[in-house]
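Q: Before I ask anything, here is the structure I am working with.
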Amino acid sequence: MLVKRHSNYLPSLVSEFWGENLFPAFEKEWSMTPAVNIIEGDQNFKIEVAAPGLAKEDFKVHVEKNILEISAEKNDENEVQNQNYIRKEFSYGEFRRTFSLPSYVEADKINATHHNGVLIVEIPKKDEAKINPRKQIDIS
């Protein structure tokens with residue numbers, strides 16, 4: 001096959017001659033699922049979602065029946081007018097991730113914060129599931 005698509009926008013034949021940056025407006029669009037770190041601590045779980053360029057208003061986080069859903073949607077539009085030309089660029093992107101929560105978390109106490117393009121969701125464990133520090137027992 002002479003033309004094989006590597007992306008949704010450019011066939012490989014064009015990419016070979018001009019590179020992937022032929023249409024820079026497409027660079028703004030994000031449709032891939034962002035990277036996620038899941039960290040288990042003694043007292044809670046922490047989910048970190050790396051999504052640079054998104055504001056906290058772009059995210060939605062909710063829980064239903066022990067399923068945590070994190071989603072985001074962003075629309076961007078930019079229009080520049082000059083005497084001789086008009087340029088209008090737009091981009092759209094969204095993602096949705098779901099996580100099954102174990103029965104030993106307190107779903108009603110989940111907390112989310114956003115800082116420097118990273119959404120952090122903290123999921124506290126129930127008291128019986130928290131890891132207690134090691135205790136030395138004296139032998140008599």
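The values are calculated or read from the model by the stated rules, or taken from the named source; none is laboratory data. Quick caveat, the model's predicted, so the values are computed rather than measured. A quick note on method: Cβ atoms are made from the backbone with ideal geometry, for glycine too, and the neighbour counts reach across all protein chains shown.
Q: Does at least one position in segment 24-37 carry a residue that is surrounded by 11 or more Cβ atoms within 10 Å (Cβ to Cβ), modelled with pLDDT of 90 or more and out of contact with any helix residue (DSSP H, G or I) (no Cβ under 8 Å at 6 or more places or on another chain)?
A: Yes, there is a match, as at least one residue in segment 24-37 is surrounded by 11 or more Cβ atoms within 10 Å (Cβ to Cβ), modelled with pLDDT of 90 or more and out of contact with any helix residue (DSSP H, G or I) (no Cβ under 8 Å at 6 or more places or on another chain).
Q: Criterion first (under 14 Å from the mean Cα position of the chain (by Cα) and at pLDDT 80 or above) does VAL49 satisfy it? Write out each step before concluding.
A: Details: under 14 Å from the mean Cα position of the chain (by Cα): yes; at pLDDT 80 or above: yes.
Yes; evaluated as a whole, the condition is true for this residue.
Q: Would you mind telling me which numbered condition in (1) surrounded by 11 or more Cβ atoms within 10 Å (Cβ to Cβ); (2) at pLDDT below 90 TYR85 fails?
A: (1)
Q: Can you find even one residue in segment 97-106 that is at pLDDT below 90, part of a loop (DSSP other than H, G, I, E, B) and either within 15 Å of the chain's Cα centre (by Cα) or not small (Gly, Ala, Ser) (or both)? Reasoning before the result, please.
A: Within segment 97-106, the first condition is being at pLDDT below 90, and the residues that meet it are none.
No; the residues of segment 97-106 include none that is at pLDDT below 90, part of a loop (DSSP other than H, G, I, E, B) and either within 15 Å of the chain's Cα centre (by Cα) or not small (Gly, Ala, Ser) (or both).
Q: Hey, another quick one. Does segment 124-137 hold any residues that are modelled with pLDDT of 90 or more and assigned to a loop (DSSP other than H, G, I, E, B), and which are they? Talk me through it step by step, then tell me what you get.
A: Just the residues of segment 124-137 that are modelled with pLDDT of 90 or more, to begin with: 124-126.
LYS126 - this is the single residue of segment 124-137 that is modelled with pLDDT of 90 or more and assigned to a loop (DSSP other than H, G, I, E, B).
Q: Next question, about the same structure. Please verify whether LEU10 is surrounded by 13 or more Cβ atoms within 10 Å (Cβ to Cβ), farther than 30 Å from ALA129 by Cβ and at pLDDT 85 or above, treating the condition exactly as stated. Please lay out each step first, then the result.
A: On the way: surrounded by 13 or more Cβ atoms within 10 Å (Cβ to Cβ): yes; farther than 30 Å from ALA129 by Cβ: yes; at pLDDT 85 or above: no.
No.
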